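Below: the structure, in structure tokens.
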Amino acid sequence: MRLRAIFPEVNYSHIISIKKQSDYEMRRYRSHIERKSADFVICDKDNCIPLLVIDIDGEIHNRSDRKKKDKEIDDVLHSIGLPIIRFTNEQSRDKEFVKTRVLKMLD
């Protein structure tokens, strides 16, 4: 089993590098990640490469505008091959449930 490190409240701009051709595209994609952060990022401990993003979604994430922002982040992470798990507040309180899902994603 590889050693891992868990980092809380990681700004997406620290784990996502946007490389687009035009200034317009660069600004557009950066606007999707700036001032947004992941609740937790699990990295390979040896080289600090992100392996998994974990977000805990409270009630505000049920709003349509927030769902749109969450989808934008999910799409950006998907495009770079970085998986994300979203837990509700209630799910995050069940340690065994969280542990099982996280370990399954890291296998």
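Listed values, structure above:
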{"read-out": "Reported label for calculated Kirkwood radius over Cα pairs in Å given [x] 14.8; [y] 13.6; [z] 15.3", "value": "[x]"}
{"read-out": "For the chain, built as a Gaussian network whose Cα springs stay under 10 Å, the top-fluctuating residue of 16, 33, 60", "value": "60"}
{"read-out": "Label-point separation, residue 6 to residue 99 (7 Å along Cα→Cβ), nm", "value": "1.0 nm"}
{"read-out": "Total lysine pairs under 19 Å (Cα atoms) in the chain, excluding pairs fewer than 8 apart on one chain", "value": "8"}
{"read-out": "1.4 Å probe accessible area per residue over the chain, in Å²", "value": "72 Å²"}
{"read-out": "Carbon + sulfur, % of accessible area of segment 1-91 - ligands and nucleic acids excluded, 1.4 Å", "value": "50 percent"}
{"read-out": "For residue 52, net neighbour charge (Lys/Arg +1, Asp/Glu -1) across residues whose Cβ lies under 15 Å away", "value": "+2"}
{"read-out": "At least 15 Å along the helix axis (C-alpha) and Kyte average at least -0.5, DSSP helices within the chain", "value": "95-106"}
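The values are calculated or read from the model by the stated rules, or taken from the named source; none is laboratory data. Keep in mind that what you see is a predicted model, and the values were worked out from it rather than measured. When we count neighbours, we look across all protein chains shown, and the Cβ atoms used for this are built from the backbone with ideal geometry, even at glycine. These accessible areas exclude ligands, DNA and RNA; they are computed on the full protein's heavy atoms, side chains included. Shrake-Rupley method; radii C 1.70, N 1.55, O 1.52, S 1.80 Å.
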